[in-house]
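Enquirer: Once you've had a glance at the structure underneath, I'll fire off some questions.
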């Protein structure tokens with residue numbers, strides 16, 4: 001029987017582990033991957049986290065994990081398959097174990113959203129990628145395409161310009177949603193071509209990506225773009241399937257809670273990208289973890 005189980009080890013989960021351990025709670029972090037950090041381990045450069053003018057996502061995640069380890073936080077690597085959140089004793093069920101706890105912090109994060117267009121699933125891993133920092137090195141000197149117009153998409157495009165021959169950026173609107181500082185950086189890159197007001201209609205190739213057919217949102221016209229890689233950055237989906245029907249969510253699958261992380265189920269708290277909130281950044285995830293752990297501590301006492 002644990003005082004607290006934290007599901008997820010991104011910035012929110014690691015922050016919660018730090019605060020819970022300092023509060024002398026008997027806490028356990030269940031992480032799905034062998035490397036802590038969540039989505040930030042795939043971020044090439046982080047420039048907006050206080051205290052670090054620039055740091056790689058992997059290095060920042062490593063520092064967070066080392067901080068939690070130094071305080072004696074406990075981790076296991078398992079996938080959560082089922083949860084029982086009602087009552088005084090909560091149960092977290094994985095493939096191999098059933099853990100009992102008095103309180104739970106859900107910090108499971110989110111995953112990359114897919115386009116659902118023809119060719120995406122078939123060529124996934126063969127030129128279709130959702131992580132430029134993971135796979136960009138495979139496309140040195142080649143032409144690639146990025147789909148999206150938010151911060152992640154533009155960060156990916158800037159990163160890819162350093163190795164690719166040419167980077168096409170396809171965006172469904174006629175202006176970017178990314179922060180102005182990122183837009184300015186992209187404009188400085190000489191090997192970028194914008195494809196405005198368009199979407200990917202299909203991805204084609206024999207065993208690997210060879211071309212992308214885009215469709216104009218204005219007149220429906222198609223364009224064929226010869227590329228070797230397609231990087232999709234069109235948003236995220238909360239990893240909340242296992243919690244559906246067990247806790248209150250919004251229509252997008254995000255778990256409802258305020259900044260204190262308190263959900264509609266007593267003893268269950270939420271933190272990070274899986275929570276309903278206007279801004280999903282590393283700094284807000286870390287704050288969520290601190291708030292949720294503090295709320296859990298108050299609940300337990």
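The values are calculated or read from the model by the stated rules, or taken from the named source; none is laboratory data. Everything numeric here is computed off the predicted structure, so don't read it as measured data. In this analysis, Cβ positions are derived from the backbone assuming ideal geometry, glycine residues included, and neighbour counts consider all displayed protein chains.
Enquirer: Does any residue in the range 36-47 that is surrounded by fewer than 19 Cβ atoms within 10 Å (Cβ to Cβ) come within less than 9 Å, Cβ to Cβ, of a residue that is assigned to a strand (DSSP E or B) six or more places away or on a different chain, and which pairs are these?
Expert: 45/55; 47/55
Enquirer: Let me ask something else about it. Determine whether the range 1-16 contains at least one residue that is free of Cβ contacts under 8 Å to residues at least 60 places away in the same chain and either closer than 30 Å to residue 151 by Cβ or not assigned by TED's automatic domain parsing to the domain that holds residue 182 (or both).
Expert: Within the range 1-16, none of the residues are free of Cβ contacts under 8 Å to residues at least 60 places away in the same chain and either closer than 30 Å to residue 151 by Cβ or not assigned by TED's automatic domain parsing to the domain that holds residue 182 (or both).
Enquirer: Can you name the residue in the range 137-156 that is in contact (Cβ under 8 Å) with a residue 40 or more places away in the chain and touching a helix residue (DSSP H, G or I) at 6+ places or on another chain (Cβ under 6 Å) and, of all such residues, is nearest to residue 228 (Cα to Cα)?
Expert: 144
Enquirer: Right, next: Confirm whether residue 29 is in contact with a helix residue (DSSP H, G or I) (Cβ under 9 Å, 6 or more places away or on another chain) and at pLDDT 95 or above.
Expert: yes
Enquirer: Anything in the range 78-124 that is more than 23 Å from the chain's Cα centre (by Cα), on the phi > 0 side of the Ramachandran plot and either at pLDDT below 95 or surrounded by fewer than 15 Cβ atoms within 10 Å (Cβ to Cβ) (or both)? List them, or say none.
Expert: 87
Enquirer: Can you go through 14, 25 and tell me which one is part of a loop (DSSP other than H, G, I, E, B) and surrounded by 14 or more Cβ atoms within 10 Å (Cβ to Cβ)?
Expert: Among 14, 25, only 25 is part of a loop (DSSP other than H, G, I, E, B) and surrounded by 14 or more Cβ atoms within 10 Å (Cβ to Cβ).
Enquirer: If a residue must be farther than 21 Å from residue 41 by Cβ and without any contact (Cβ under 8 Å) to a residue 40 or more places away in the chain, how many such residues does the range 266-301 contain?
Expert: Of the residues in that region, 8 qualify.
Enquirer: Just to check your reading of the model, which residue among 168, 130, 126 is out of contact with any helix residue (DSSP H, G or I) (no Cβ under 8 Å at 6 or more places or on another chain) and within 22 Å of residue 40 (Cβ to Cβ)?
Expert: Answer to the selection: 130.
Enquirer: While we're here: I need the full set of residues from the range 266-290 which are in a loop (DSSP other than H, G, I, E, B) and either under 19 Å from the mean Cα position of the chain (by Cα) or buried (at least 18 other Cβ atoms within 10 Å of the Cβ) (or both), in order please.
Expert: If the condition is that a residue be in a loop (DSSP other than H, G, I, E, B) and either under 19 Å from the mean Cα position of the chain (by Cα) or buried (at least 18 other Cβ atoms within 10 Å of the Cβ) (or both), then 267, 271, 276, 277, 278, 279, 280, 281 are the ones that fit.
Enquirer: Which members of the range 240-265 meet the condition of being within 19 Å of the chain's Cα centre (by Cα) and touching a residue at least 40 places away in the same chain (Cβ under 8 Å)?
Expert: 240, 242, 243, 255, 261 - these are the residues of the range 240-265 that are within 19 Å of the chain's Cα centre (by Cα) and touching a residue at least 40 places away in the same chain (Cβ under 8 Å).
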